[in-house]
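Okay, structure first, notes after.
Just so it is clear, none of the values below were taken in a lab; they were calculated from the coordinates. Predicted model only: the values in this text are computed from it and were never measured. Cβ coordinates were reconstructed from backbone atoms using ideal geometry, including for glycine residues, and neighbour counts include every protein chain displayed.
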């Protein structure tokens, strides 16, 4: 998951805590190995190296593609899992190395979710296209793990925290809320504010660590698939609370993609959110 | 994406999420948010040897409406019967007293401490409390209290604000409460230091009634109580939590006990008259409370100390300790020891000397006199499924009034003016 992953378990049962931790570890690793774009020999790699041929997919992958499709439709194309190809030229390493405009434009023909064809059994990508589950994979893993935890221990409150993407499975026994700190983008490690959460999902999107900076302009790692360029004037960080972590994650990302209108967008959704300008 | 055209995508996103995760959208929400009501019930028997017997039932219901929005409602009903000390001293001969209603008399045998055995009352108390988080890191709480017994009505409101600091290891709280009490005792409130009339001293019923009525004020009287509490709770380490509170309480109004009297005695210690007591009409009390709880592998140790001081000169020290010891994963035993000591109010007098004339204030009520008390008890609890708990408590309580330095005249030297009060408490409680 390329980030610290932790579970907080509200129990005094050491054995149960051990079981939950093991369950979480294996489920998270399973999802990472299946969908990480950095690994070869997984379904993601197979799809991305299919050269226009159809690739057989399982039910889980089909559901993820359906979800990605919904996000694309709901965002009028702003959320597009084929846009990961832009990372070939955009390296968000905190430096000032921006790609040339031609480099970016050359990639635009390789982006466009509507050109991906899929059904329950297979997916077909145009040659040169790539799918990147990075925008939903970690949040999906959080939800999948918390679902497993809830099945194993329906009476125990568990916080699943994968690098700031969080799901709380149920309220704690003593009725207290979990206190989750939102990191200050400027000073890593310091909690900017504490959020009380009794259950549900929480996700943060922002450029705390991944950005480029040139001539005083900060380029967020959120890329607009239509232009191939980073979103400008977006808040530095957006945290959203929703029923499920993955919903919160999508809303946070879409808020950033709306740039200046991030706050307006979130207000329209009627969810709890916290912005860091 | 144009904001004006596309407003809320949350509904569609929720549907997509549920398809992805295979989770039904609504039922899961309803299932996990809806917390059931929790009930605490208890029945307590309190019996003093030869004095008051009380039975108290408590029914408390708590509900978490989600996100720490908690309501608690509580009904307490107690019934009291028996005899309570009047404040009069024992005598070497039998004594006759007029009951507070004025309608009847009772006799107390020679050398016996005078007790009024008409003590009989039922009290109903209702409490409602709402607690919820507010702003960031604050909790607010507000409550109402009503208590009614035959001759007494009490109404109170309270509010509290608590803030967590230091990653919730420190909590600072501020509480304020106001109570209004109204009292309209049986037979009316006695006139301060009025002499108790006895029927046999009067030629006719009418003459007696007129004399009795002259000792009484009509209508009710009231008192106002304002309490302020400041508290700090600090987590010391994984096993220890400590609490320090300071409270100030100001009461203004009718603080006299209408059923208490004093014997006026001569130099031989013989009673010349019985007069109704009179206390100041205000009292300001300060208290400091310190508590530490320590979690052990096999239980919890809880020790607390309270100091109070007031402008009636009553200073008290309370040391309370409980040790919960887990006998098994679902049973525990909890011994309890409490020690209490108080000094006498400046107006406390076990009797009045006929030669001294009447003071401004005086009470012979042993509860405002010097005393020590201790409680020794044990509780046994069984934890059942789903947070249910059944517990039994048995305690012995003894109050030992002391002579704060009066030289008893004559016959009073041979009589027990400061008898101990011994009581047993038994309680069964069930949480479900």
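A few comments on the model shown:
- The Kirkwood radius of the stretch A:1-117, taken over pairs of alpha-carbon atoms, gives through the Stokes-Einstein law at 20 °C and 1.002 mPa s a diffusion coefficient of 123 µm² s⁻¹.
- Contour minus Cα-Cα distance for residue B:305 and residue B:385 (0.36 nm per residue): 25.3 nm
- Averaged over peptide A:241-251, the number of partner chain Cβ atoms lying within 10 Å of each residue's Cβ comes to 4.
- A convex hull fitted around the alpha carbon atoms of the stretch B:37-431 yields 147 Å³ per residue.
- Cα gyration tensor shape of the stretch B:100-231, rounded if a/c is under 1.5, else prolate or oblate by comparing a/b with b/c: prolate
- Projected label distance in nm at residue B:203 and residue B:138, using a 7 Å step from Cα toward the beta-carbon: 7.3 nm
- Looking at the protein assembly as shown, the DSSP beta bridges with both ends there are about 100 percent antiparallel.
- 0 to 90° range, to nearest 10: angle between helix B:10-21 axis and chain B longest Cα axis: 80 degrees
- In degrees, nearest ten, helix A:59-74 long axis to first principal axis of chain A (Cα): 70 degrees
- Theoretical ellipticity at 222 nm over chain B - DSSP helices of four or more residues, -39500 (n - 2.57) apiece, nearest 500: -2000 deg cm²/dmol
- The protein assembly as shown - convex hull of the alpha-carbon atoms, volume per residue in Å³: 182 Å³
- Summarising the strand pairing of the stretch B:352-432, around 100 percent of its internal DSSP beta bridges are antiparallel.
- Cα gyration tensor shape of the stretch B:294-407, rounded if a/c is under 1.5, else prolate or oblate by comparing a/b with b/c: prolate
- Only helices enter this figure: runs of n ≥ 4 DSSP H residues, each worth -39500 (n - 2.57), summed and divided by the residues of chain A, yield -10500 deg cm²/dmol at 222 nm to the nearest 500.
- Our analysis of the stretch B:260-322 gives Rg over Rh at 1.32, with the two radii drawn from alpha carbon positions and Rh computed by the Kirkwood formula.
- By the Kirkwood approach, averaging reciprocal distances over each pair of separate Cα atoms, the stretch A:20-78 gets a hydrodynamic radius of 13.1 Å.
- Chain B: relative contact order in percent, alpha carbon pairs under 8 Å with at least 6 residues between: 13 percent
- Once you divide the Cα radius of gyration of the stretch A:65-148 by 2.2 N^0.38 Å, the number left is 1.25.
- Overall form of the stretch B:212-277 per C-alpha gyration tensor (a/c, 1.5; a/b vs b/c): oblate
- Going from the residue with the fewest nearby Cβ atoms within 10 Å to the one with the most, A:254, A:150 rank A:150, A:254.
- Averaging 1/r across all pairs of distinct Cα atoms in the stretch A:5-276 and inverting the result yields a Kirkwood radius of 19.6 Å.
- Average beta-carbon neighbours from other chains, 10 Å sphere, peptide B:68-76: 1
- With a 10 Å cut-off around each Cβ of A:70-77, the average count of Cβ atoms from other chains is 4.
- Using alpha-carbon coordinates, inclination of helix B:205-214 to the longest axis of chain B, degrees: 60 degrees
- A:196, B:431 arranged by Cβ crowding within 10 Å, fewest neighbours leading: A:196, B:431
- Going from the fewest other Cβ atoms within 10 Å to the most, the residues B:415, B:13 appear in the order B:415, B:13.
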